[in-house]
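Here is the structure we will look at, set down as structure tokens.
The values are calculated or read from the model by the stated rules, or taken from the named source; none is laboratory data. Computed from a predicted model, the values in this text were never measured in an experiment. Note that we place each Cβ from the backbone using ideal geometry, even for glycine, and neighbour counts take in every protein chain shown.
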Amino acid sequence: MDELVSLCKRRGFIFPSSDIYGGLASCYDYGPLGVELKRNVKNAWWKAVVQMRDDMVGLDCSILMHPMIWKASGHVDKFADLVVECRKCNTRTRVDHLQGAEGVETTRHSHGEAQAGADLSDKVCPGCGSTGQFTEPMAFRLMFETQMGANVDDSMKVYLRPETAQGIFANFGNVLDSTRLKIPFGIAQIGKSFRNEVTTKAFIFRTREFEQMEIEFFCRPGTDDEWWSRWKEQRMQWYLDLGIRKENLRFREHAPDELAHYAKACVDIEYLFPFGSGDWQELEGIANRTDYDLRQHQRGIRSVTRWFENRRDTEKTPLVEEAAEWHKGPLSYFDDQAREKFIPYVIEPSAGVDRGALAFLVDSYAEEEVRGEMRNVLRLHPSLAPIKVGIFPLVKKQGMPEKGRAIYDDLKRFWSCFYDEKGAVGRRYRRQDEAGTPFCVTVDGQTLEDDTVTVRDRDSMEQVRVGGDKLRAFLLEKLDM
């Protein structure tokens, strides 16, 4: 892991945020290669779950939403971790992250569901190693709060969203009204979320600001178990198709006592990360949220409607009338064929962009000896690679740079490319290996004679001659995966 973190900073994948001021704990910036990798992960996800499906649409909700959304969803009252503080070294740790003297982790719980009263007598402090020296568990709120308004008198407390899901639920009716979608269908969203995490460690695996790729798939009650199983398999296959090794992935189903308050069932796709307790860590969760969220927001809408109606006798203003009218519609679905109305159940595959990017980096990273020298290589799937093609003139003379530039200008219309004419060509290959570039094209003396170029494969390091007029088609066959 240390070598990978070093490579990420050296090659411009990921930097510590605010590095010139000493950094900010658990916050990171994506550099030139990292931002391309992250964008490719999101594009691959969007293509799989939206572009290639007929039953899915996209959404991009505001990060700031009405605080009633978080009250109705249960986040205001329940979204907290139980933490303890070591009496010897003052290290704060989540209760569900503590290990016993024999390395056994406490029962794992979802955020907001950890139970008070756990026996901590045999738990070991990760800071100083002392056993059983903890304060009583205390709740640690996970939502960031801020104020919306020009001054103190008219400001309103709002939250940075801890998940993207609630924006989808709040827009369920809007999507139904503006599309021809019929149950079953899904709404997908990629966006930033924020959690004031107690435990911040392991590079970009757990950060306070992160990006989610979430689906809320709405289905008829009674069909939810089938859809939950289908989404489990489809989401696992997505990682396998993008090159993650099968032995590094597994399902872990949540036990009844660790299910979130909204969940009927939940399974995690876990990846064998080279850190943490037990190494297996959550990569994505697939939850059956039942009809909890839509029912909660329907109750919230009704309470707001009643509040407006109570004010109507004393404050009849256009704003009040308009708001009362807007809040009348329940978040239910009318099946025009069966002639019945119901609240859909929801299957939620929820993945982290940052965790996904980290898993792809870890799984693709290799150190190997080549002809007596060590090379670092990222064997990223071509669709995820930040740079698809490197173009090198062998020397900076005899018209090779001009030919290389012409090839670069042609190929960059289709893929992200990199032109490099500095240093020995072997070193240029090594730099692109570290960047994960699948193919490098070298312009040499023979190119000037017969218009062929050398195409070098990152993984096998084999080189083939390809005619200039066939180069684009050759690369298209290799890269369009």
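Of all the residues in the stretch 133-174, those that are hydrophobic (A, V, I, L, M, F, W, C), exposed (fewer than 13 other Cβ atoms within 10 Å of the Cβ) and either closer than 26 Å to ASP293 by Cβ or in contact with a Gly (Cβ under 7 Å, 6 or more places away or on another chain) (or both) number 2.
Restricting PHE275, PHE251 to those that are within 22 Å of ARG379 (Cβ to Cβ) and either in a loop (DSSP other than H, G, I, E, B) or without any contact (Cβ under 8 Å) to a residue 40 or more places away in the chain (or both) reduces the list to PHE275. The numbered conditions (1) over 18 Å from GLU36 (Cα atoms); (2) at pLDDT 95 or above are all true for GLN398 except (2). At least 3 residues being touching a Lys or Arg at 6+ places or on another chain (Cβ under 7 Å) and assigned by TED's automatic domain parsing to the domain that holds GLU247 is the threshold, and among the strands (runs of 3 or more DSSP E) wholly inside the stretch 353-460 not one reaches it. Based on what the data block shows, is ASP77 exposed (fewer than 15 other Cβ atoms within 10 Å of the Cβ), of a type in the set (D, E, K, R), farther than 30 Å from ARG375 by Cα and not assigned by TED's automatic domain parsing to the domain that holds PHE275? Yes: the conditions hold for ASP77.
Taking strands (runs of 3 or more DSSP E) as the structural unit, those lying wholly within the stretch 9-72 and holding at least 1 residues that are hydroxyl-bearing (Ser, Thr, Tyr) and touching a helix residue (DSSP H, G or I) at 6+ places or on another chain (Cβ under 9 Å) correspond to 28-30. The numbered conditions (1) assigned to a helix (DSSP H, G or I); (2) over 20 Å from the mean Cα position of the chain (by Cα) are all true for GLY167 except (2). Here SER6 does not qualify as of a type in the set (Ser, Thr, Tyr) and either under 19 Å from the mean Cα position of the chain (by Cα) or under 18 Å from GLN212 (Cβ atoms) (or both). Step by step: first the residues of the stretch 210-226, then only those that are in a loop (DSSP other than H, G, I, E, B) and not polar (S, T, N, Q), then the one that is surrounded by the most Cβ atoms within 10 Å (Cβ to Cβ). Which residue is that? The qualifying residue surrounded by the most Cβ atoms within 10 Å (Cβ to Cβ) is ARG220.
Residues of the stretch 25-46 being surrounded by 14 or more Cβ atoms within 10 Å (Cβ to Cβ) and over 21 Å from GLU434 (Cα atoms), which ones? Walk me through how you get there before you give the answer.
At the first step, the residues of the stretch 25-46 found to be surrounded by 14 or more Cβ atoms within 10 Å (Cβ to Cβ) are 26-28, 30-31, 33-46.
Listed by number, the residues that qualify are SER26, CYS27, LYS42, ASN43, ALA44, TRP45, TRP46.
Among the residues of the stretch 34-49, those identified as closer than 18 Å to PHE205 by Cα and either among the basic types (Lys, Arg) or in contact with a Cys (Cβ under 9 Å, 6 or more places away or on another chain) (or both) are GLY34, LYS38, ARG39, LYS42. Each residue in the stretch 121-134 was checked for being touching a residue at least 24 places away in the same chain (Cβ under 8 Å), assigned to a loop (DSSP other than H, G, I, E, B) and under 34 Å from the mean Cα position of the chain (by Cα), and 4 of them qualify. Within the stretch 461-481, which residues are part of a helix (DSSP H, G or I) and aliphatic (A, V, I, L, M)? Hits for the stretch 461-481 are LEU471, ALA473, LEU475, LEU476, LEU479. GLN398 meets the conditions (1) more than 36 Å from the chain's Cα centre (by Cα); (2) crowded, with 16+ Cβ neighbours inside 10 Å in every case but one. The failed one is (2). The selection criterion, being surrounded by 14 or more Cβ atoms within 10 Å (Cβ to Cβ), hydrophobic (A, V, I, L, M, F, W, C), in a strand (DSSP E or B) and at pLDDT 75 or above, holds for VAL83. Checked against the criteria, ARG195 does not count as of a type outside the set (Phe, Trp, Tyr), crowded, with 17+ Cβ neighbours inside 10 Å, at pLDDT below 95 and within 25 Å of GLU3 (Cβ to Cβ).
Of the residues making up the stretch 254-272, those that are in a strand (DSSP E or B) and in contact with a Phe, Trp or Tyr (Cβ under 8 Å, 6 or more places away or on another chain) are ALA265, VAL267, ASP268, ILE269, GLU270, TYR271, LEU272. Suppose the filter is outside the structural domain of ILE190 (by TED's automatic domain parsing), farther than 30 Å from VAL346 by Cα, small (Gly, Ala, Ser) and surrounded by 13 or more Cβ atoms within 10 Å (Cβ to Cβ); does SER130 pass it? For SER130, the condition - outside the structural domain of ILE190 (by TED's automatic domain parsing), farther than 30 Å from VAL346 by Cα, small (Gly, Ala, Ser) and surrounded by 13 or more Cβ atoms within 10 Å (Cβ to Cβ) - is met.
Against the definition (more than 20 Å from THR207 (Cα to Cα) and modelled with pLDDT under 85), how does THR107 come out, yes or no? For THR107, the condition - more than 20 Å from THR207 (Cα to Cα) and modelled with pLDDT under 85 - is met.
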